[in-house]
Amino acid sequence: MDRTIGVGKRIIYTLMLPVIMYLVMMIFCYSNGKMYYGTVAMWRTLIVDIAISATCAFGIGLQWQAGRFDFSGGAIMLLSVIIAGNTAKNNGNSILLFVVLCFGLCVILSVGTSLLYVYGRLPVSISTITMALIYEAITPLVFNGSGVNLLANMTIRKVFTFPGALIPFAAATAVYWFYRTFTTSGKQTELLANNQQAAVNIGIAEKKNVIISYIFSGMIFGFGTMIYGGSAIKSASFTSLSTVSDLFTNILPVFIGLALSKYCGDTIGTLVGSVTLCLMTYGLKAVLSAEMGSALSMVFMGMFILIFNIITTPYGSRLTEWYQAYKRKKQAQA
């Protein structure tokens, strides 16, 4: 019975956020005449948004949980999709070629970042920023700096529209879960994040761990790139570090995933975070203009994450303890 209650509480705490967000946004949309919120058409669009958000969050979170802040992921995805998309279009709109190039290029470019970090002996932030700048600088040099437009390509778009997008989405989720659950490198990430030097002193091979982790994050970015390529027209990067903001917009589900990990594990927690934030963004953009909806969604995301982390961190636990002590004091006085 106790175990049943425990499982029930885990389910409630896990699903509470997306359910509340869905109800709030549904009321908000319906009160403004947007009656299509919650329809099948909305979910077909939203699932693709969730797939992009979650795969990017998995790629970021894999390094984040090892104490590494990777700035190069956005540039890796942009360069890969430009090369893969144009090459596939020039070779008979080959879906297979597009998928293989997205996957292979992301893994190769991610390994390149890891090699600079491992053998360049630079701080991880410097290494990843350096590689981000290099990869961004290449994007204007390939295919005459034209970027890539796959929105109207009826053949390749099957990969990044519903239901085709579910395949790379499921693959990215499976890779992240496998890495965190079954690999030695994945199990060592917490030790490296808490105290890197102490972890090395007890025998953890940091260089090997870094390279393996970047191979897996490259695989996840590869699956994410297959969906990311169809989200909009992808232009070459002409501004330094312009790709960083695109990727790190999706870091918020990582924080939610870490907070919910004690109830459902960080894989499901990250998925729940992506669903919650995508529901909010979709609702705001449905009622407001695209620019205002995007701006407000970023503001609300920041406020939401701040409040959520205050509640779920040790500081939040202390606040809860103080509140419970205050209630007991009031009851005793009564």
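The values are calculated or read from the model by the stated rules, or taken from the named source; none is laboratory data. Remember, it's a predicted structure, so these values are computed and weren't measured experimentally. Here the Cβ is made from the backbone with ideal geometry for all residues, glycine too, and neighbour counts use every protein chain on show. Ligands, DNA and RNA are excluded from the accessible area calculation, which covers all protein heavy atoms including side chains. Shrake-Rupley method; radii C 1.70, N 1.55, O 1.52, S 1.80 Å.
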>> With the requirement that a residue be open to solvent by less than 10 Å² (accessible area, probe 1.4 Å) and outside any helix (DSSP H, G or I), what does the range 29-69 give you?
In response: TYR37, ALA66, ARG68
> Which pairs have Cβ atoms under 6 Å, sit 6 or more apart or on different chains, and link a residue in the range 216-236 that is closer than 24 Å to GLY145 by Cβ and in contact (Cβ under 8 Å) with a residue 24 or more places away in the chain to one that is open to solvent by 30 Å² or more (accessible area, probe 1.4 Å) and of a type in the set (D, E, K, R)?
Replying inline: GLY230/ARG157
> Can you tell me how many residues in the range 149-176 are of a type in the set (A, V, I, L, M, F, W, C), modelled with pLDDT of 95 or more and touching a helix residue (DSSP H, G or I) at 6+ places or on another chain (Cβ under 6 Å)?
Replying inline: 4
> Before we move on, is PHE223 open to solvent by 20 Å² or more (accessible area, probe 1.4 Å), under 22 Å from CYS102 (Cβ atoms) and within 17 Å of the chain's Cα centre (by Cα)?
Replying inline: yes
> What helices (runs of 4 or more DSSP H), lying completely within the range 235-320, carry at least 2 residues that are modelled with pLDDT of 85 or more?
Replying inline: 242-248, 252-264, 266-287
>> If I filter the range 121-140 for residues that are farther than 20 Å from VAL244 by Cβ and either at pLDDT 95 or above or of a type outside the set (S, T, N, Q) (or both), do I get at least one hit?
In response: yes
>> List pairs: first residue in the range 124-149 and at positive phi, second residue assigned to a loop (DSSP other than H, G, I, E, B) and open to solvent by less than 20 Å² (accessible area, probe 1.4 Å) anywhere in the structure, Cβ distance under 6 angstrom, at least six positions apart or on different chains.
In response: GLY145/ALA236; GLY147/ALA236
> For LEU101, which of the numbered conditions (1) at pLDDT 95 or above; (2) within 23 Å of ARG180 (Cα to Cα); (3) open to solvent by 30 Å² or more (accessible area, probe 1.4 Å) fails to hold?
Replying inline: (2)
>> Being within 19 Å of the chain's Cα centre (by Cα), in contact (Cβ under 8 Å) with a residue 12 or more places away in the chain and outside any loop (DSSP other than H, G, I, E, B) is the requirement here; does LEU78 meet it?
In response: yes
